[in-house]
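Trainee: Sharing a structure with you now.
The values are calculated or read from the model by the stated rules, or taken from the named source; none is laboratory data. Keep in mind the model is a prediction, meaning the values are calculated, not measured. When we count neighbours, we look across all protein chains shown, and the Cβ atoms used for this are built from the backbone with ideal geometry, even at glycine.
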């Protein structure tokens, strides 16, 4: 049986499982962004009955664990494990990103919208040219947190058969149970490297920059 140290464990987990982890993160965040922006616009600008449908979507997907969604899609549809995992991550992230974007939209000063109306802009033009550009900047700290959440939630994909980092570590532990703790430490280190620099930059540096511009309130 091949003896493995921590560097060799890192190399194996990175080469075998990291690509799926990163791709699932991109799929989940990308799908969640499209859904989240659409839901946020509906919540802010649409009629009340349509807004209630968007709110129901948010409540549903924020209230169901992501592993349950993955299993639901996998079992009920027969779709490939990777597709089921990506869909679950995207739908759930959309519900959370909607909250992020909606809060950012509502943070834009009403005086700016009044000024836009006064120069002849309609509601949609004001949203497109005045509100959303600022809202996207205000949403950066929240998005950084959502990036970390989605990236860490990809760990559940191994439970339905996706060869992510957790699943790759399972193969190591199956080969030699003594490797359990070193494998977990290796995964912990990789997830930390993937998430901490971005959350620190967006959560602290970008928040300070937004405050210096008079934006972002008390992020």
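Trainee: Does residue 99 satisfy being on the phi < 0 side of the Ramachandran plot and in contact (Cβ under 8 Å) with a residue 40 or more places away in the chain?
Mentor: In short, yes.
Trainee: Okay, next question. Please go through the range 110-131 and give me each residue that is under 25 Å from the mean Cα position of the chain (by Cα) and either closer than 22 Å to residue 201 by Cα or surrounded by fewer than 14 Cβ atoms within 10 Å (Cβ to Cβ) (or both), ordered by number.
Mentor: 128 - this is the single residue of the range 110-131 that is under 25 Å from the mean Cα position of the chain (by Cα) and either closer than 22 Å to residue 201 by Cα or surrounded by fewer than 14 Cβ atoms within 10 Å (Cβ to Cβ) (or both).
Trainee: Next up: Only one of (1) touching a helix residue (DSSP H, G or I) at 6+ places or on another chain (Cβ under 8 Å); (2) within 30 Å of residue 79 (Cβ to Cβ); (3) modelled with pLDDT under 90; (4) surrounded by fewer than 20 Cβ atoms within 10 Å (Cβ to Cβ) is not met by residue 199, so which one is it?
Mentor: Only one criterion in (1) touching a helix residue (DSSP H, G or I) at 6+ places or on another chain (Cβ under 8 Å); (2) within 30 Å of residue 79 (Cβ to Cβ); (3) modelled with pLDDT under 90; (4) surrounded by fewer than 20 Cβ atoms within 10 Å (Cβ to Cβ) is unmet by residue 199, namely (2).
Trainee: State the number of residues belonging to the range 80-104 that are surrounded by fewer than 22 Cβ atoms within 10 Å (Cβ to Cβ) and farther than 30 Å from residue 159 by Cα.
Mentor: So the count comes out to 1.
Trainee: Can you tell which of 62, 43 is assigned to a helix (DSSP H, G or I) and either over 22 Å from residue 147 (Cα atoms) or in contact (Cβ under 8 Å) with a residue 60 or more places away in the chain (or both)?
Mentor: Just one listed residue meets the conditions, 43.
Trainee: Sticking with this one: Testing residue 77 on (1) farther than 30 Å from residue 124 by Cα; (2) surrounded by fewer than 19 Cβ atoms within 10 Å (Cβ to Cβ); (3) at pLDDT 95 or above, one condition comes back false. Which one is that?
Mentor: (3)
Trainee: Residue 13: in a helix (DSSP H, G or I) and more than 20 Å from residue 168 (Cα to Cα), yes or no?
Mentor: Taking the combined requirement at face value, the residue does not satisfy it.
Trainee: Here's something else I'd like to know. For residue 38, are the conditions met, namely being buried (at least 21 other Cβ atoms within 10 Å of the Cβ) and either outside any helix (DSSP H, G or I) or modelled with pLDDT of 90 or more (or both)?
Mentor: no
Trainee: Residue under question is residue 107, and the condition is that it be surrounded by 14 or more Cβ atoms within 10 Å (Cβ to Cβ), at pLDDT 90 or above and touching a helix residue (DSSP H, G or I) at 6+ places or on another chain (Cβ under 9 Å); does it hold?
Mentor: no
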